[in-house]
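Trainee: Below you'll find the structure I mean.
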Amino acid sequence: MKRFVIAGTDTGVGKTIFSAALAQALDAYYWKPVQSGLDGETDSQTVARLSGLSPARVLPEKWRLNTPVSPHYSAKIDGVEIDPERLALPECDRPLVIETAGGVMTPLTLRVPTIDMLARWRIPVILVARTSLGTINHSLLSIEALRRRNIPLLGVAFVGEEHENTQATIGTMGGAHILGRLPFVALLTRETLRAAFNASFRAAEFAQCAEQ
Ligand SMILES: Nc1ncnc2c1ncn2[C@@H]1O[C@H](COP(=O)(O)OP(=O)(O)O)[C@@H](O)[C@H]1O
Ligand SMILES: [Mg+2]
């Protein structure tokens, strides 16, 4: 079954909203292995609300950490240590959308950045990037880090207002496929998110991609 890693250039770039849209489009499972911060709505709860997936399709987090800081530190505050080796991929009978915490270098422990786990998994990555100023640098650094470790990059999914030159520059300089752009949706609901995703992305493109 197809699996996708939703990684970001940063935290707060739109990984969760994009994951909800993709999971809905593919009628997939969603998994957030490491959740930092449990006050308010968690990413899994946001995805459940905005994708309409049944509760069984939102897989339980492996680590649920209380404080909304970097996972390695959040774990320390809770008195636990994340063991990335124990992050075994769930077996699914439908596609699986996996959302990482933060950006690709976000530490799971002081020795293990998220990207080490992605290198072990070798699952195609979708890099979610802002369109606003500063994104070229963040995006190209993230792409370079993925490439250096031979992690397959399916492409870049932008979130935000259209900045054509910025988006094209990332595609050209990063040598990356641009999957589309999810615009800001004023009132996010299952329906408005689905419409915004369908207007820019082709679900078939994700469904066809082969895992390496
Ligand atoms: N397409 C969008 N339209 C409207 N709001 C969005 C969109 N994408 C992200 N947001 C908002 O931006 C914030 C960060 O998005 P989120 O998906 O949680 O980021 P991440 O998972 O990368 O930390 C949230 O408040 C979310 O609702
Ligand atoms: Mg998120």
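Trainee: How high is the relative contact order of the range 98-212, given as a whole-number percent (alpha carbon pairs under 8 Å, six or more residues apart)? If you can, show how the numbers build up before the last one.
Mentor: On the way: 140 pairs, mean separation 25.5, N = 115.
Once normalised by length, the contact order is 22 percent.
Trainee: Further question on the same structure: Give the relative contact order (percent, whole number) for the chain; include only Cα pairs under 8 Å separated by 6+ residues. Numbers along the way, then the final one.
Mentor: Details: 419 pairs, mean separation 54.0, N = 212.
Relative CO of the chain lands at 25 percent.
Trainee: Next question. Rolling a 1.4 Å sphere over the protein heavy atoms, what is the accessible area per residue of the chain, to the nearest Å²?
Mentor: Heavy-atom accessible area per residue stands at 47 Å².
Trainee: Still on this structure, I have one more. Please give the charge dipole size of the chain, origin at the Cα centre, charges +1 on K and R Cβ atoms and -1 on D and E Cβ atoms. Round to the nearest 20 debye.
Mentor: So the magnitude is around 320 debye.
Trainee: Using alpha carbon centroids, what distance separates the range 93-121 and the range 130-160, in Å?
Mentor: Using only Cα atoms to place each centre, the spacing works out to 15 Å.
Trainee: Hey, what number do you get for the chain at 222 nm if only DSSP H runs of n ≥ 4 count, each worth -39500 (n - 2.57), divided across all residues, to the nearest 500?
Mentor: Working: 8 runs with 79 residues, N = 212.
The per-residue figure over the chain is -11000 deg cm²/dmol.
Trainee: I'd like the carbon and sulfur percentage of the solvent accessible area for the range 66-212, probe radius 1.4 Å, heavy atoms only, ligands and nucleic acids excluded.
Mentor: Its accessible area is 53 percent carbon and sulfur atoms.
Trainee: How do the peptides 159-167, 187-195 rank, highest first, by the average count of neighbouring beta carbon atoms within 10 Å per residue?
Mentor: 159-167, 187-195
Trainee: Stokes-Einstein diffusion coefficient for the chain at 25 °C in a medium of 0.890 mPa s, Rh from the Kirkwood formula over Cα pairs: what value in µm²/s? List each step's numbers first, then the result.
Mentor: Details: Rh = 17.1 Å.
Once the numbers are plugged in, D ends up at 143 µm²/s.
Trainee: Can you compute 3J(HN,Hα) from phi for each residue in the range 171-178, using the Karplus curve 6.51 cos²θ - 1.76 cosθ + 1.60 with θ = phi - 60°, rounded to whole Hz and x for Gly and Pro?
Mentor: Per residue, the Karplus-derived 3J(HN,Hα) values read x, 6, 5, x, x, 10, 6, 9 Hz.
Trainee: What lysines sit close enough to Lys2 to cross-link, taking a C-alpha to C-alpha distance under 29 Å and skipping anything fewer than 8 places away on the same chain?
Mentor: Lys15, Lys32, Lys62
Trainee: Does the range 53-92 come out rounded, prolate or oblate by the C-alpha gyration tensor, with a ≥ b ≥ c the root eigenvalues, rounded set by a/c under 1.5 and, if not, prolate when a/b is larger than b/c and oblate if not?
Mentor: Oblate, since a/c reaches 1.5 and b/c is not below a/b.
The values are calculated or read from the model by the stated rules, or taken from the named source; none is laboratory data. Just so it is clear, the structure is predicted and the values come from calculations on it, not from any experiment. Methodologically, a virtual Cβ is constructed for each residue, glycine included, from the backbone with ideal geometry; neighbour enumeration extends over all protein chains shown. These area figures cover heavy atoms from the full protein model, side chains too; ligands, DNA and RNA do not enter into them. Shrake-Rupley method; radii C 1.70, N 1.55, O 1.52, S 1.80 Å.
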